[in-house]
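The values are calculated or read from the model by the stated rules, or taken from the named source; none is laboratory data. Just so we're clear, the structure is a prediction, and the values are computed from it rather than from any experiment. Here the Cβ positions follow ideal geometry from the backbone for every residue, glycine too, while neighbour counts run over all protein chains shown.
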């Protein structure tokens, strides 16, 4: 995977020292709408098979936490396998749609700070440590790819969050 046709993200693995700051900024773009949109709009699914903005935000929060653990595993173990996180199951098991938007916004920012802090601590050699990633196909990938992929998740789902809010929905503070 070198780019995403849907959101236009390009996997640039050449500047890993910039990933942490980009993750923080992208997480802010996901978290901010949760503080201004009405709860009903955040919980509404545009179609039965499409998550609501709040569900996307919960997913992004959990992705950040899972990816942080994967980075830490790759630092302490040679080529660990990144087992699937059960993304679809989490929506129901953790009742994403029932969570408080302000709590999710705070948690998303905290998860981004934790993930970014972990990235900030990687040495030049750490960026080339690998893990077996099972998506989009099973392959051995360096941590620089994992960081770029996580940034893609944030940017892609930021679009999902804002796209599924009603057009012209006032965001109030």
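Brief remarks on what is shown
- Test: residue 166 is farther than 23 Å from residue 8 by Cβ, in contact with a helix residue (DSSP H, G or I) (Cβ under 8 Å, 6 or more places away or on another chain) and assigned to a loop (DSSP other than H, G, I, E, B): yes
- Applying the set (1) in contact (Cβ under 8 Å) with a residue 12 or more places away in the chain; (2) loosely packed, with under 15 Cβ neighbours inside 10 Å; (3) in a loop (DSSP other than H, G, I, E, B) to residue 123 leaves exactly one unmet item: (1).
- Qualifying residue in the stretch 86-108 (condition: more than 24 Å from residue 49 (Cα to Cα) and crowded, with 17+ Cβ neighbours inside 10 Å): yes
- Long-range neighbours under 8 Å by Cβ, at least six apart or interchain, first residue more than 16 Å from residue 41 (Cα to Cα) within the stretch 92-103, second surrounded by fewer than 16 Cβ atoms within 10 Å (Cβ to Cβ) and at pLDDT below 95: none
- Meets criteria (under 21 Å from residue 119 (Cα atoms), in a loop (DSSP other than H, G, I, E, B) and over 12 Å from the mean Cα position of the chain (by Cα)) for residue 21: no
- For residue 131, the stated conditions hold: it is in contact (Cβ under 8 Å) with a residue 40 or more places away in the chain, in a strand (DSSP E or B), touching a helix residue (DSSP H, G or I) at 6+ places or on another chain (Cβ under 8 Å) and crowded, with 19+ Cβ neighbours inside 10 Å.
- For the stretch 10-25, the count of residues that are in contact with a helix residue (DSSP H, G or I) (Cβ under 7 Å, 6 or more places away or on another chain), over 28 Å from residue 142 (Cβ atoms), buried (at least 21 other Cβ atoms within 10 Å of the Cβ) and modelled with pLDDT of 95 or more is zero.
- For the stretch 109-131, the criterion of being under 30 Å from residue 43 (Cβ atoms), out of contact with any strand residue (DSSP E or B) (no Cβ under 8 Å at 6 or more places or on another chain) and at pLDDT below 95 is met by no residue.
- Number of positions in the stretch 38-65 that are more than 18 Å from the chain's Cα centre (by Cα) and either surrounded by 24 or more Cβ atoms within 10 Å (Cβ to Cβ) or within 13 Å of residue 154 (Cβ to Cβ) (or both): 0
- Among residues of the stretch 134-147, those that are touching a residue at least 24 places away in the same chain (Cβ under 8 Å), outside any strand (DSSP E or B) and in contact with a strand residue (DSSP E or B) (Cβ under 9 Å, 6 or more places away or on another chain), counted: 5
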